[in-house]
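Structure first, commentary second.
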Amino acid sequence: MKIKPAGNAFLASGVVEALAVLPKGMNVGLDVFHVLPDVLVFDGEVPSSLETERHTYEEYRYSAPPPETPLPDPLPKNAFGHIRPEDWLPSQSVSIEPDGSDDGSAYSVSAKVVDVRLKCYLDDKKSSVIL
């Protein structure tokens with residue numbers, strides 16, 4: 001990830017990567033054409049205690065971006081920023097070997113994030129500033 005100044009703002013660019021693993025017995029092809037990253041930015045490693053959020057197909061089957069998900073309260077340790085593009089980003093998906101025998105098909109999904117405004121948080125999410 002790269003963060004650069006642009007006037008009175010900071011813009012973030014990089015690659016968002018995800019792993020999509022289908023349930024056991026679902027060995028089907030999957031093409032992911034668009035994703036909508038909603039990313040917390042950390043100073044250092046992401047705490048291992050954070051759980052991955054799971055969403056259903058029904059939440060995202062329409063073309064308009066879904067409403068912004070509320071941030072965790074309090075923010076996790078070392079979280080200082082938030083990135084969410086205004087619209088869906090083109091993505092690529094590649095079939096990979098699943099990790100466990102209890103999994104179905106698995107796919108690596110990636111998308112490029114280019115010059116998305118970084119919203120920074122000073123000490124908690126109530127004192128935020130868009131840089």
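Kindly provide the set of residues from region 18-40 that are closer than 19 Å to Thr69 by Cα, out of contact with any Lys or Arg (no Cβ under 9 Å at 6 or more places or on another chain) and of a type in the set (A, V, I, L, M), ordered by number. Let's see the steps before the verdict.
The initial filter retains those residues of region 18-40 that are closer than 19 Å to Thr69 by Cα, namely 18, 34-40.
Filter again for out of contact with any Lys or Arg (no Cβ under 9 Å at 6 or more places or on another chain), leaving 18, 34-35, 40.
Across region 18-40, the qualifying residues are Ala18, Val35, Leu40.
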Conditions (1) more than 17 Å from the chain's Cα centre (by Cα); (2) more than 18 Å from Val109 (Cα to Cα); (3) not acidic (Asp, Glu): number failed by Leu30: (2)
Verdict on Ser49 being among the polar types (S, T, N, Q), at pLDDT below 90 and assigned to a loop (DSSP other than H, G, I, E, B): yes
Set Arg54, Arg84, Arg117: member being of a type outside the set (Gly, Ala, Ser) and at pLDDT below 75: Arg54
Region 96-113 - residue that is over 20 Å from Phe42 (Cβ atoms), touching a strand residue (DSSP E or B) at 6+ places or on another chain (Cβ under 9 Å) and polar (S, T, N, Q) and, of those, surrounded by the fewest Cβ atoms within 10 Å (Cβ to Cβ): Ser108
Residue that is least open to solvent (accessible area, probe 1.4 Å) [pool: residues in region 1-35 that are farther than 16 Å from Pro90 by Cα and charged (D, E, K, R)]: Lys4
Any hit, region 10-18, residues being more than 12 Å from the chain's Cα centre (by Cα), farther than 17 Å from Ser108 by Cα and at pLDDT below 90: no
Pair list, Cβ < 6 Å and 6+ apart or interchain, from region 26-42 residues that are closer than 19 Å to Lys112 by Cα and in a loop (DSSP other than H, G, I, E, B) to residues that are at pLDDT 90 or above and among the basic types (Lys, Arg): Asp38/Arg84
Yes/no for Asp38 being at pLDDT 85 or above and open to solvent by less than 80 Å² (accessible area, probe 1.4 Å): yes
Of residues in region 74-95 being among the charged types (D, E, K, R) and open to solvent by 60 Å² or more (accessible area, probe 1.4 Å), the one farthest from the chain's Cα centre (by Cα): Lys77
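The values are calculated or read from the model by the stated rules, or taken from the named source; none is laboratory data. Worth saying up front: this structure is predicted, and the values here are computed from it rather than measured. Because the Cβ atoms are built from the backbone with ideal geometry, glycine has one as well, and the counts that use them run over all protein chains shown. Quick note on the areas: whole protein, heavy atoms, side chains included, nothing else; ligands and nucleic acids left out. Shrake-Rupley method; radii C 1.70, N 1.55, O 1.52, S 1.80 Å.
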